[in-house]
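*Asks:* One structure is given below, represented as structure tokens, and several questions about it will come after.
Read the figures in this text as sums done on the coordinates, not as results from a lab. Predicted model, so just to flag it, every value in this text is computed and none were measured. Reconstructed Cβ throughout: ideal geometry from the backbone, glycine too, with neighbour counts over all protein chains shown.
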Amino acid sequence: MSRGNPEIHHARGGLLSYVWWLPWFVQKMAAQHRAAVQLRELKDRARDIGDRRLRYAAEMPAKGVTLSSSAHAATTSVAYEDSEEDDDDQGVEVTTMADSRWALLQSSTPEDNIRLQLAKWMIEDVARRDTSKEKLIPSIAIVAPYKKEALAVAKEASAMWGKGYTRRRSVLVDIPAVHNYSELLRTKDILYYILRVLRPTESNPEKQDDQFGFLEDLHSDKMEVSIYSEKYTLFDEIDKNIHAMKVDNKIAGIMKTIEQRKHVLLLLHPNGENMDVLESCKDEPIGVFLRALWMLKNKPYVFEFECSTTQSHARKLTTHSQEDIIKKTANMLEQHMKLKEAHAESICLTKTHYEQILREVFYPLSFQESSQATATRYDDQNRQMFGKTLQELQENKSDIKLAKAELEDKSMKKNDTAARKSNPDALIEETMIKIQQMHSKMKHKLKIKRIMDKINDCLKRQGCQDQILVILKLDDDYVSRWEETRNDFSLLGGIAGALMLTFEVNRAEARQYCWPRREPIDYSLLGLYRDTALELTKMEMAEDSWQILHDILDNCKSNEFCMKIFVHALYANPKRSSEELCKLCKALQQVSDNSMNNIAKKMLKFSYSDLPKDYKLCLMYLAIFPRRQPIRRSTLIGRWVVEGLVTKEDWESTVRHANQCFDVLVTRWLVYPADTSSMGQVKSCVIGDQVHGFITKIARKHGILGKRLSHHLARYFSIFNHLRLRSSDRIDKFFSKLFEESSRVSLIKVLDLEGCQCFGGKNQHYLKDICSKMLLLKYLSLRGTNLTKLPSEINNLRELEVLDIRQTRVPAAATVHVILLKLKRLLAGSVVMSSGPSNNEVSYVMVPDKIEKMTNMEVMSNVKARNSNDLKDIGKLWRLRKLGVVIEQKDKLIRNLLQTICDLHECLRSLSITLPITGEDSSEDNSPKLLSFEGQCPKILESLSIRGTAETGQLFQLLTKDGDQLQLAKVTLSGTRLRQADLEILAKLPKLVCLRLQDRAYIDDKLSFNKEKFKGLKCFLIEGSEITVLSFNGGAPKLEKIILSSTDGLQSLSRVEDLHELKEVELKNSNKLSLSLFEKAKNISKVTLCRTILCQDEVEILAKMPNMRSLVLKEISYAQSLLIFYKDDFPRLNLLTIDFSVITCIGFTTQSATKLEKIIWSYRKSTLLSGIDELPKLKELEFNGDFVPDEVIDALKKHKNNPKLIHNKPENQEAGNIPEKKDAPRFPLFWKKED
């Protein structure tokens, strides 16, 4: 009725207006009658649907209701919520998972986790000891599965320890290679092996070029004999030095004094400060020993005098602690052992050494308790991060334990003292035994002190002024009495920490190696997820709940999918109760057959159960889509909103909440990211097989998947539609039954026909029928169809909120007469991916005549303003947040466009401006009138794209004149003809994250990122440029991704090695660009080559990139059809993707791509994959094509890992009565799974 309303379409006033009213009034009455009839027919069904909605809790929430904790990772940017994922990646994107906790989940391999845990240990434990009073050196153990992994960890630890320090050294000792397995591994043995590594080359001819000595090539009998001989030769030499120091004679002198004067010793009461100390321990062995030292120090006649002194001179004595007694005794022992005439080979123990010896001998129990107390104190310091309450509880428990121990200790001492008083001879005998023990320990300390002195001399000669990191590769061996060895290392002073590498069989010993007490680092998939789970929950859960996390992960039976779902659920909601976790653990234990499918279902139920009700509905909604096929983010958001699955007080809040739901599903790993934009936004997702099966069962139970509608057709329609289409039916049958099923189709709110080629020929009336029968439609997508016109009946869809006609053949003028008052998104035209300067094609539709009446409009893309009035009318759309506008190169239009942007400065967040190029433009042909514009720039604008003629350069300068106050995060320029000096405008943008310079956006042959510029830039794209030199002179320090497209002229890429954050490189449409430009960039983990020529030299460069994890080859040309991976190539490659390239055969040789876990191969021709058995880590193989070679199937069956095979067989899209298009899309709409 509004379509014919004279108030909208015709001028008011005068007699002519009454003539227009009469036919409209008749039409209005007839329309009302038809509507009343239809409403009566649909009343019962509408009530049924209302009941269903209430059942699923899809009602409007009250204002002020906060989101659940699981939604905390979602974005808060409004522009991000409404951004459309155009093919050119337009729209504002904000990375939603930017917190440190999300970074934990990105450690996707055990190698990454080991690196992370080592860095944490070196920073928190090793570095902490340098600035604290902690005496014992920190030590850690790593349990590795195989010898190769242990060596890799050793090299990684050494590199991390020396990074940034030119004078810091680490030493690796391969214990099985140098030590006889039948002998105990003692402290002096380890120190000798360290000394052997550090010795000059002339005395160590088998030493290798790197700093790691004694590796697997030393396992010969001859070498073992040589090492054994050299070691004991050194030990004999040290024994001779100790004998020359007359240590035996000095100890014998003490024992002789005690034996000869044992009766005098017990009665001795010296004057002065010594009297208090001696009286405090007079009935203990250390008291006898201290009296003997005092007697040896003083003259004999003093003894007689002191012994005859009576008790009348007694005074009140001060009681001294054990520590005071030990320090006094150690001081006197040091003086007694000191040589009168020191020589070059003498060995001097410090007072600290003597104190430790005395503690170990005379107070062994107290020494152990002291070690435990040290551990308690260290653990209490670490527990501060868990909250004040937990710390107080731990301290209270510790005080109670110490009090009990103190009472027991006093009781034992009282009994011992009474026994010694009654039997003085027993006290003397006990003292003599302890002195013999002290003698033995003293000689041991002297030996290791001598070896350590030699080690320090070597380090000084080599210029090492810092403490060393000791790395012990133990394998199946172990260190006997490691606690004693660690104590010795701590006293020596030259060792910063110890890293122990062992195997699973020694896990019990590995726990003893760790100081402060903790679990060893586990080099395995299970260890990765254990560490991740603990890190995610350490701030929210008590320490006694950690064991439950371990048990749950153990019950996952090393199934990565289950463990990943669990840790992602902990990330989304770390505040889990012990009851909840115990319930999950019990459920996993009750899986009788240990079936991975059953365990996966339990874990999925755990993650699903605590989702909000509307999030559960959104997840179930995904069951209508094919599994393993990308689903656009904007498609889901739009459909969720119009279906009523997500409801808020207004459209803006509803869309925001839907985006939060999408992010939560991604963070919980219930859907997988399929495509990520240049700024980190997940643009599309994929549903895995297990999740799809899980939600399909639930969706059928709740009626989201109708029993009468074939599953493969469900995605085209809204849910609860009651349509009847069999699995053998095609989409064209739906259109033929529109009139038969009018009562059912009239309730449909969503019709998503993307990619359907069913509007050609005689079927062009289909859309007209849709507009006549489906009057409640809110979402209509015709994207990628063969639609050629837009009927006038489109205005019948008065409830329509989303209209998508992108990538169709609809004429530009077809939208002129569109008037849909509730329309919020008008998505039109198509963005052509440019491949060079010659591509100037622009696709658009006209701005509707009555656009000012469509006040709900929020997104308009690729619309052309014919005149100034169109631009003025757009300026009245106060809800518009994304605008993609095309205008002619006219001064008046440009001025009006600037005024429109000024009018929308409070709401506009994404802006795309295109000036079509009609011929060769001149950079000097700029309008000076533009420079006088003083309008207000949109301060909240986050994405800006300007394409076209040279005028766009000045347009860009005007829109960014207040650059330091703008929120621009993404800028795309084309045809702006900027120069190096103009980059200062971009450099002033404080929040710029992504910069794309396309066709003639930059015209200098050199581009330089100068120091302190572009501090936040993460993604940089150059396309169709003639730049020859690209320099990073200290600028863009956070750059993570570089995309080069059609840049064959680029010859130099300088200082790329300074880009420490650079992880991804993408080359497109390049025939001459060489990967050698990136050889110095050591942190690149992903390389994508698209439509490029690849030669063997380039493959070798790729193969040697040390951190390469992902390699993507799309439509590349290769000199040969055979691609072979040779030994030691791609040492860290995890994922290989080959997409419709000329390569038809891939071969893997021994020890090539040893970390490769997944291969994805899309092809048209027959293929051959050989050497699968040479890939020890292979988990999954995905083929997208007509068939899988039998050789591959046989090889997978024989593989020890039993890798999963996924075959996606292409299936032609329904085409109705129209033959298949000649230029069919390279990717079919969906793939049919073949199990």
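*Asks:* Each label point is 7 Å from the Cα along the Cα-to-Cβ direction; what then is the distance between the points at K1104 and K246, in nm?
*Replies:* Inter-label distance under the simple model: 6.6 nm.
*Asks:* Can you tell me the order of 536-543, 1034-1041, 568-575 when each peptide is scored by its average per-residue count of other Cβ atoms within 10 angstrom, highest first?
*Replies:* Details: 536-543: 16.8, 1034-1041: 19.1, 568-575: 20.9.
Listed from highest to lowest mean packing, they are 568-575, 1034-1041, 536-543.
*Asks:* Moving on to the next point. Between L1122 and H905, what is the FRET efficiency for a Förster distance of 51 Å, r being their Cβ-Cβ separation, to the nearest 0.05?
*Replies:* Values: r = 59 Å, r/R0 = 1.15.
Step by step, r from the Cβ atoms, then E = 0.30.
*Asks:* A follow-up question, please. In nanometres, what is the gap between the two model label sites at N869 and D650, each 7 Å from Cα along Cα-to-Cβ?
*Replies:* 3.0 nm
*Asks:* Quick one: order C756, C1019 by neighbouring beta-carbon count within 10 Å, fewest to most.
*Replies:* Numbers: C756 26, C1019 21.
Listed from fewest to most nearby Cβ atoms, that is C1019, C756.
*Asks:* Can you sort D189, D732, D236 by how many other beta carbons sit within 10 Å, fewest first? The partial results should precede the final answer.
*Replies:* Details: D189 22, D732 17, D236 10.
Final ranking by Cβ density, sparse to dense: D236, D732, D189.
*Asks:* Now, a different point. Taking 0.36 nm per residue of separation and subtracting the Cα-Cα distance, what length does fully extending M255 through K1197 add?
*Replies:* Details: separation 942, 0.36 × 942 = 339.12 nm, distance 7.61 nm.
Taking 0.36 nm per residue and subtracting the Cα distance, the gain is 331.5 nm.
*Asks:* Please compute the modelled spin-label separation between E543 and E183, points set 7 Å along Cα→Cβ, answer in nm with one decimal.
*Replies:* Rounded to a tenth, the inter-label distance reads 4.0 nm.
*Asks:* By per-residue mean of other Cβ atoms within 10 Å, what is the highest-first order of 30-36, 1158-1164, 679-685?
*Replies:* Working: 30-36: 10.7, 1158-1164: 18.6, 679-685: 21.1.
Top of the packing list down: 679-685, 1158-1164, 30-36.
*Asks:* Could you tell me which of the pairs K120/K155; K1015/K1082; K602/K701; K601/K733; K575/K1018; K683/K1204 are separated by over 25 angstrom between their Cα atoms in the structure shown? Mind showing how you got there, number by number?
*Replies:* Details: K120/K155 17 Å; K1015/K1082 21 Å; K602/K701 18 Å; K601/K733 37 Å; K575/K1018 33 Å; K683/K1204 27 Å.
The answer is K601/K733; K575/K1018; K683/K1204.
*Asks:* What residues from segment 791-819 fall in the zone where the backbone N is under 13 Å from a label point 7 Å along the Cα-to-C-beta line of R34?
*Replies:* 793-798
*Asks:* For segment 105-178, what value does the Rg/Rh ratio take when both radii are computed over Cα atoms and Rh is the Kirkwood radius, given to two decimals?
*Replies:* On the way: Rg = 13.7 Å, Rh = 13.9 Å.
Radius of gyration over Kirkwood radius for segment 105-178 works out to 0.98.
*Asks:* Would you mind ranking C281, C661 by Cβ crowding within 10 Å, fewest neighbours first? Please report the intermediate quantities before stating the final value.
*Replies:* Values: C281 22, C661 27.
Ascending Cβ contact count within 10 Å gives the list C281, C661.
*Asks:* What percent of all Cα-Cα pairs in segment 1000-1143 falls in each 5 Å bin, counting up from 0?
*Replies:* Bins of 5 Å from zero give 2, 10, 19, 23, 21, 13, 8, 3, 1, 0 percent of pairs.
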